[in-house]
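What follows is calculated from the coordinates using simple rules that are stated; it is not laboratory data. As the structure is a prediction and not an experimental result, all values here were calculated from the model. Note that each Cβ is placed from the backbone with ideal geometry, even for glycine, and that neighbours are counted across all protein chains shown.
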Amino acid sequence: MTYIAKPKFHHPSLKKNDLGYTHRDYEGKISTLCAGCGHDSITASIIEACYELSIEPHRVAKISGIGCSSKTPDYFLGNSHGFNSVHGRMPSVLTGANLANRDLIYLGVSGDGDSASIGFGQFAHSIRRGVNMTYIVENNGVYGLTKGQFSATADRGSKSKKGVTNTDNAIDLVAIALQLGATFVARSFSGDKTQLVPLIAAAIRHKGASFIDVISPCIAFNNHAGSTKSFDYVREHNDAVNRLDVLVGRDPISVDYAPGTVQVVEQHDGTKLALRKLDADYDPHDRLGAQTFLARHAAKGQIVTGLLYVDPEADDLHTHLDTVETPLNTLEADTLCPGSAVLDKINASLR
Amino acid sequence: MSVQSPISSVNDFVVRFANVNGSGSASANELFARSILRHGVPVSPRNIFPSNIQGLPTWYEVRVTEAGHLGARGGVDMMVAMNPQTWDKDVAGIEPGGYLFYDSTKPMPTSKFREDINVIGVPLTAITNSTYTDPRQRQLFKNIIYLGALSALLDMDPKVIEQLIGEQYKGKEKLLSSNVHALHLGRDWALQNLKCPIGLRVKKSDKVGDRIFIEGNSAAALGAVYGGATVCAWYPITPSSSVAEAFTAHCKKYRHDPETGKAKYAIVQGEDELASIGIVIGASWNGARAFTATSGPGVSLMTEFIGLSYFAEIPAVIMNIQRAGPSTGMPTRTQQCDIIACAYASHGDTKHILLFPEDPAEAFEFAAQSFDLAERLQTMIFLMLDLDIGMNHRLSRPLKWDDARQYDRGKVMTADMLEEGRDFGRYLDVDGDGIPYRTYPGTHPTKGSYFTRGTSRDRYARYSEEGAVYADNMQRLVRKFETAQDLVPRPLQANAERPTKYGVIYFGSTSPAMDEAIGLLEARGHLLDRMRIRAFPFHSSVASFIADHDFVYVVEQNRDAQLRQLIVNENGIDPVRLVPILHYDGTPITARFIANSIGDHQDHLKVTPLRKAVS
């Protein structure tokens, strides 16, 4: 998808992270999406989050389905293996990859068509299983690559660019993820990098199924009046419940904010999430409360953003399956094959 | 009584049990088969069951065969008619002079019997009810009681059955003694009230040797354990479910870390076949050996991923336990009907490797080998079993494993190789065999990463829609498929005693029936050279075998002669030279069917010259 080579040189004084990598080391190829696409902002946020967390770039596996959003893994983490798989099937491919090597970080990138329509089942079941992953949906409510058809996240009553009104009910992936037991659930907006970058960083550090729905306006087919996924609409209806700071190996810097408005959540791996609460009523540890809150605000036409739910003590599919700590893909015949002596005994038991 | 003389045969007859599904008869019937084996006499049992859990008719057929003919024979010498629903059909199916064994507790009108068979009534319900009060016990022990009566009628050694019961209920004294008691209830009644033994007899022999008695699905699952599979994802579908269940059972026994108790495997029951194959492909992409087990409808659902595996060159193994199609077809009946569907699965130009094991021993070997082939060739491997091999206990040579054997992980570029400066092109044919190198995700900080996709790309995995680049890659895939020809199991050829112009090609579960049919055909004066195909792509010896004969029969268990089509298509053979012999009613193919079909065709070929006929 990229025809233009991206220059590799960079300013010598570019800042380096704890591992000595610059921001540029987390970039990928040049995007071939439309200029101004919300997805490119999400790509930038992923790069930022990985840089901030000082992740070794090659220790991430980027897996996607098919669609505009699913093309983006080519545009970040150029030293990571990526897999642009089958439409709607990112979750199963990611699950298998995760089972093969539990030591890598799994980043699943999908879109609203990919996850809410053709891949709705796989989305649901990967969340149910608690696969340790960061599952990002770049949600624009429209099929971009096939030029503007509604997707299943398009709100009822919203208008397409051609003037058609959507009469089907919308699927809210955040509500579904909460219901299915995701242990980290957030929503954000591609145009709100200050909110999005820490959410991605926190999701990566979370052990378990992390889900982030990112509203990402399609400037080609879904950024007009009558759309509920346009830049203007989302900015007007965005109701952020909190803002997040992710602190790895540092003390929380809660002093900057008024007492009572900062809540510190410590995740399994020691990461501290400092939540600046914008809505005094909101409790991100209450799954049921989050579902109610979401439904109440949706009825008012508000798009709730922020960290909606987190279970800091979550576990994952490997815990459920009680697999060995060593990645399965490194095991060889000496540990996997029971050998001929055992086979002789098996033969004897079958006579 | 009968005018027909009773069938008299030692160690060569067919007993069929007609039961009601869910009545607990399966274990008693299997005990019957196993106890004959312990007499040193080979048996070949088959389950004939409906797509149902409880209530519908089910049959269990045991072919007792000192000669070792393990295919289905056809015909029934003794019917153990325990199901009133199917009585009429069951009675009608008995060979003239055969035997009908039934529960005589309630009198039956004479119209329900036949003149030309021998009727043996045992009041099973009466015996059972006078001994047991618990309804479940009554149901289960009734089965053991008829087994006891049969042991007397067929002259079987009760000690052999007792020993088997002892092994089965080792450590469960109460169950053990009550089963032995039930066995003798039936046996003693028969000895006191009937003429024992009858014309059908089991006589101790030594024809079983060191062979084992195992289901193909269990053997294939064990092959996956030995072959190093660590990830299994599956979705329940008859007749393949017992592969995943057996893999789970084998892994629980042999795949836990002795120190930590943790699992050296991961098994996921997917939400559907799409997820199952997706998990397999994700795991294989990431360097684990992974497989799924399914049947025809599941393969249909997986085809998009199968195309990805072919084009993006990701190893994967699908065990396809074939059943009768199309659509839902006959889920509990056997066929070899997915040959074309698997060979060319998915859209665009695709070709896949198929392995055709003939029995459990080969199912084990080929299953283990399929992971080596998948990683060596970086593509999808289909292990093609069917219900007949998969879900029936089959007498099979013992399973063997060479402890010196290492897994062939194929061409994988390591961090050290990348560090040395080796040129890494994910789709670069460095050795001329069409097989490129791959890297596992996470190998090296700055070298060896690539973007896997189902869209076209160049030799260095860079996206490209250039026609020449696309064609270059497609040509390399053809080269890779040619390489596969010499890596997959070769066909096995067995020639007739004297040179003949005729040959026969067969594969998979047809094997035992074919072996037996050769003898029947020879008796009719028809000599055939045989070739058993064990894999696709076909080895060059297949084409030469066909070239060496005037006609070659292709015996298969499907309507459309799918293997024949594949041979014609792939080898450019004149279709006229390949005569299809097709069996596709859902029952396993028999020697009688093969011998009659080929024999009739051969008879027609022997045209007597006109002059000779007149003179």
Query raised in the report: What does the charge dipole of the range B:451-568 about its Cα centre add up to, to the nearest 20 debye, if the Cβ of each Lys and Arg holds +1 and the Cβ of each Asp and Glu holds -1?
Result: 360
Report summary line: Karplus ³J(HN,Hα) for the range B:177-188 (6.51 cos²θ - 1.76 cosθ + 1.60, θ = phi - 60°; Hz, whole; x = Gly/Pro) runs 5, 5, 5, 5, 4, 4, 4, 6, 4, x, 4, 5
Query raised in the report: Where in the range B:176-243 are there trypsin sites (Lys or Arg not before Pro) that are in a DSSP coil and have at most 11 other Cβ atoms within 10 angstrom of their Cβ?
Result: B:LYS195
Query raised in the report: Within chain A, which is the longest segment containing none of the GluC sites (Glu not before Pro) that sit in a DSSP loop and have at most 16 other Cβ atoms within 10 Å?
Result: A:1-312
Query raised in the report: How far is helix B:135-153 tilted, in degrees, relative to the longest principal axis of the Cα atoms in chain B, given as a value from 0 to 90 rounded to the nearest 10?
Result: 80
Query - In order through the range B:363-370: 3J(HN,Hα) via Karplus (6.51 cos²θ - 1.76 cosθ + 1.60), integer Hz, x for Gly, Pro - result: 4, 5, 5, 5, 4, 4, 5, 4
Report task. Return the subset of A:LYS71/A:LYS159; A:LYS29/B:LYS480; B:LYS159/B:LYS253; A:LYS71/B:LYS351; A:LYS147/A:LYS229 for which the Cα-Cα distance in this structure is over 23 Å, preserving the input order. Result -> A:LYS71/A:LYS159; A:LYS29/B:LYS480; B:LYS159/B:LYS253; A:LYS71/B:LYS351
Query - Long-range HN-HN contacts of B:VAL119 with modeled amide H, under 5 Å - result: B:LEU100
Report task. For the range A:282-320, run through the trypsin sites (Lys or Arg not before Pro) and keep only the ones in DSSP coil with at most 11 other Cβ atoms within 10 Å of their Cβ. Result -> A:LYS300
**Report entry** Eligible aspartates and glutamates near B:LYS447 by straight Cα distance, threshold 14 Å, same-chain separation 8 or greater
**Finding:** A:ASP25, A:GLU56, B:ASP416, B:GLU419, B:GLU420, B:ASP423
Requested in this report: Could you pull the Rg and Dmax for the range A:34-188, using just the Cα atoms, both in Å?
Outcome: 15.4, 48
Requested in this report: Decide, for the range B:94-177, between rounded, prolate and oblate: order the square roots of the alpha carbon gyration tensor eigenvalues as a ≥ b ≥ c, take rounded if a/c falls under 1.5, and otherwise choose prolate if a/b is larger than b/c, else oblate.
Outcome: oblate
Report task. Enumerate the aspartates and glutamates that A:LYS300 could reach by cross-link, defined here as Cα to Cα under 14 Å, with residues fewer than 8 away along the same chain left out. Result -> A:ASP155, A:GLU236, A:ASP239
Requested in this report: Read phi for every residue in the range B:302-318 and hand back ³J(HN,Hα) as whole Hz from Karplus 6.51 cos²θ - 1.76 cosθ + 1.60, θ = phi - 60°, with x for Gly and Pro.
Outcome: 7, 4, 5, 5, 4, x, 5, 4, 5, 7, 8, 6, 10, x, 6, 10, 10
Query raised in the report: Taking amide hydrogens as modeled 1.01 Å from N in the peptide plane, which residues meet the under 5 Å criterion relative to A:TYR135, leaving out close sequence neighbours?
Result: A:GLY108, A:SER210, A:PHE211, A:ILE212
Query raised in the report: Could you give the nm distance between label points at A:ILE30 and B:SER540, where each point is 7 Å from its Cα heading toward the beta carbon?
Result: 5.0
Query raised in the report: Taking only C-alpha pairs under 8 Å that are 6+ residues apart, what is the relative contact order of chain B in percent?
Result: 12
Report summary line: Scoring the range B:1-75 by relative contact order with C-alpha pairs under 8 Å, at least six apart, yields a percentage of 39
Query raised in the report: Summing +1 for each Lys or Arg and -1 for each Asp or Glu, what net charge is found among the other residues whose Cβ lies under 14 Å from the Cβ of B:LEU37?
Result: +3
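For chain A, what is the relative contact order in percent, using Cα pairs closer than 8 Å and at least 6 residues apart in sequence?
Once divided by the residue count of chain A, the mean separation gives 15 percent.
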Report summary line: Of all trypsin sites (Lys or Arg not before Pro) in the range A:125-191, the ones in DSSP coil with at most 11 other Cβ atoms within 10 Å are A:LYS147, A:ARG156, A:LYS162
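Determine the shape class of chain A: with a ≥ b ≥ c the square roots of the Cα gyration tensor eigenvalues, call it rounded for a/c under 1.5, and otherwise prolate if a/b is greater than b/c, oblate otherwise.
It is rounded, given that a/c, with a ≥ b ≥ c, falls under 1.5.
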Requested in this report: Please give every one of the lysines within straight-line cross-link reach of B:LYS606, meaning a C-alpha to C-alpha distance under 25 Å, and leave out same-chain neighbours fewer than 8 residues apart.
Outcome: B:LYS501
Report summary line: The rounded separation in angstrom of the Cα centers of the range A:202-216 and the range B:526-565 is 56
